[in-house]
Amino acid sequence: MINNDILRSIRYMLDLSDNKVGDIIGLADPSFAVEKDDVRAFLLKEDEPGYRPCNDKVLAHFLDGLILHRRGRDESVPPRPVEKRVSNNVVLKKLRVAFELKDVDMHEVFAEAGLPVSKPELSALFRQPGHKNYRPCGDQLLRNFLKGLTLRVRGS
């Protein structure tokens with residue numbers, strides 16, 4: 001899925017302003033600053049003037065910042081390094097952590113979106129890429145998860 005679409009979906013889901021999105025990006029690493037104009041350009045549609053593609057580094061900082069924003073910072077644990085490559089599986093994992101979703105919650109989210117997922121299929125999405133049962137998360141699956149999570153967070 002395109003990083004800009006993921007950013008727009010989460011922004012809509014949580015009803016975040018451009019400033020708040022920038023603040024969340026800065027939570028993961030205060031030295032990694034994103035200007036308000038950059039955030040606005042990331043949130044534009046592809047055919048709108050001023051659109052800029054959101055790179056993996058920005059999305060990774062946003063997802064890590066979202067975890068800190070929703071759950072708080074644990075000072076006893078050293079900060080994790082930011083991912084260099086953000087796949088759909090990484091987005092799914094980060095959102096699961098940020099929203100404190102258990103397996104049952106994940107199944108409910110997918111069911112609310114109209115795409116029920118079996119237990120083995122769900123566990124395969126969270127395995128390490130080298131594992132024999134690893135399954136890459138497709139765009140449609142992530143899109144449905146974001147849709148179901150939006151319904152859950154914002155209400156029907």
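The values are calculated or read from the model by the stated rules, or taken from the named source; none is laboratory data. Note that the structure is predicted; figures quoted are calculated from it, not measured. Ideal geometry is used to build each Cβ from the backbone, glycine not excepted, and the neighbour counts take in all protein chains shown. Each accessible area value is taken on the protein alone, full model and side chains, heavy atoms only, with ligands, DNA and RNA left out. Shrake-Rupley method; radii C 1.70, N 1.55, O 1.52, S 1.80 Å.
When the test is whether a residue is under 28 Å from Leu27 (Cα atoms) and in contact with a helix residue (DSSP H, G or I) (Cβ under 9 Å, 6 or more places away or on another chain), Lys57 does not pass it. Residues in the stretch 134-156 that are open to solvent by less than 80 Å² (accessible area, probe 1.4 Å) and of a type outside the set (A, V, I, L, M): Tyr134, Cys137, Gly138, Asp139, Asn144, Phe145, Gly148, Thr150, Gly155. All conditions in (1) buried (at least 18 other Cβ atoms within 10 Å of the Cβ); (2) part of a helix (DSSP H, G or I); (3) within 17 Å of the chain's Cα centre (by Cα) hold for Asp105, with the sole exception of (1). Among the residues of the stretch 46-58, just one is loosely packed, with under 11 Cβ neighbours inside 10 Å and under 15 Å from Met1 (Cβ atoms), namely Glu46.
Residue by residue through the stretch 1-42, note down the ones that are of a type in the set (Gly, Ala, Ser) and part of a loop (DSSP other than H, G, I, E, B). Selection gives Ser17, Ser31, Ala33.
Looking only at the stretch 77-102, count every residue that is within 17 Å of the chain's Cα centre (by Cα) and exposed (fewer than 12 other Cβ atoms within 10 Å of the Cβ) and tell me the total.
Residues that pass the stated criteria total 6.
Every condition in (1) of a type outside the set (Phe, Trp, Tyr); (2) touching a Gly at 6+ places or on another chain (Cβ under 9 Å); (3) surrounded by 18 or more Cβ atoms within 10 Å (Cβ to Cβ) is met by Leu125 except one, and the failing one is (2).
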